[in-house]
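Since every read-out is calculated from the coordinates, none of them should be taken as a lab result. All of these numbers come straight from a predicted model, not from anything done at the bench. Ideal geometry is used to build each Cβ from the backbone, glycine not excepted, and the neighbour counts take in all protein chains shown.
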């Protein structure tokens, strides 16, 4: 398995625990992120830009977790990921949903876009993938995120986008516990192959056509 944009290795650590028999590779553009990743995972780590992918078609599974929205040429990135997969290999990708949710948070995170179901499905199809499963997720957060970001946006320019985004990461123990429990239920629902009609993000499983 290849994780594109493995960052500091937090997801690599989870993948390694969930799939101990898997040969795991993480690729990341920034070397500072790989330093942290080395302490979290024993996966093979590669510093590279997905735009000039060094990989032959070796992989059975590629993961891109909240990465594609940062890539200017996302269609080309999907084509290169397609080339790194063996015939019949699969791509697991998550992206932020709904352009209507665009806010200071996306600006601070340096997102290029948010995606609709139709948009990500079409881009994957053009890259040579067949979508096997697609759903929105984080449904319980959708009304909260929509309201909070719209209200925060009314505060004007006195507060920077980065400061507003950082404010969302405050820990509120009781509230966070409730949300964690609801998201756990969502995860179990999705793991049974069921989709959700609303959410702040999309998760897609797509297969490289043989």
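Odds and ends about this structure:
- Relative to the longest principal axis of the Cα atoms of the chain, helix 74-84 runs at roughly 30 degrees.
- The chain: relative contact order as a whole-number percent, Cα under 8 Å and 6+ apart: 23
- Stokes-Einstein D for segment 19-68, Kirkwood Rh over Cα pairs, 25 °C, 0.890 mPa s (µm²/s): 204
- Applying the Kirkwood pairwise sum to the alpha-carbon positions of the chain produces a hydrodynamic radius of 18.3 angstrom.
- Against the chain, whose longest principal axis comes from its Cα atoms, helix 142-153 is set at around 60 degrees.
- Segment 32-98 shape via C-alpha gyration tensor axes, a/c threshold 1.5: oblate
- Cα centroid of segment 9-42 to Cα centroid of segment 53-76, whole Å: 16
- Prolate/oblate/rounded label for segment 93-145 (Cα gyration tensor, a/c 1.5): oblate
- The chain: calculated mean residue ellipticity at 222 nm from DSSP helix runs of at least 4, using -39500 (n - 2.57): -11500 deg cm²/dmol
- Fewest-first ordering of 52, 195 by other beta carbons within 10 Å of each residue's beta carbon gives 52, 195.
- Extension gain, residue 19 to residue 119: 0.36 nm times the residue separation minus the Cα-Cα distance gives 32.9 nm.
- Rounded to 5, the percent of DSSP beta bridges in segment 49-208 classed as antiparallel: 70
- Acute angle (nearest 10 degrees) that the helix 173-191 long axis makes with the longest principal axis of the chain, alpha-carbon atoms: 40
- Anisotropy class of segment 107-196 from Cα gyration tensor, a/c 1.5 cut: oblate
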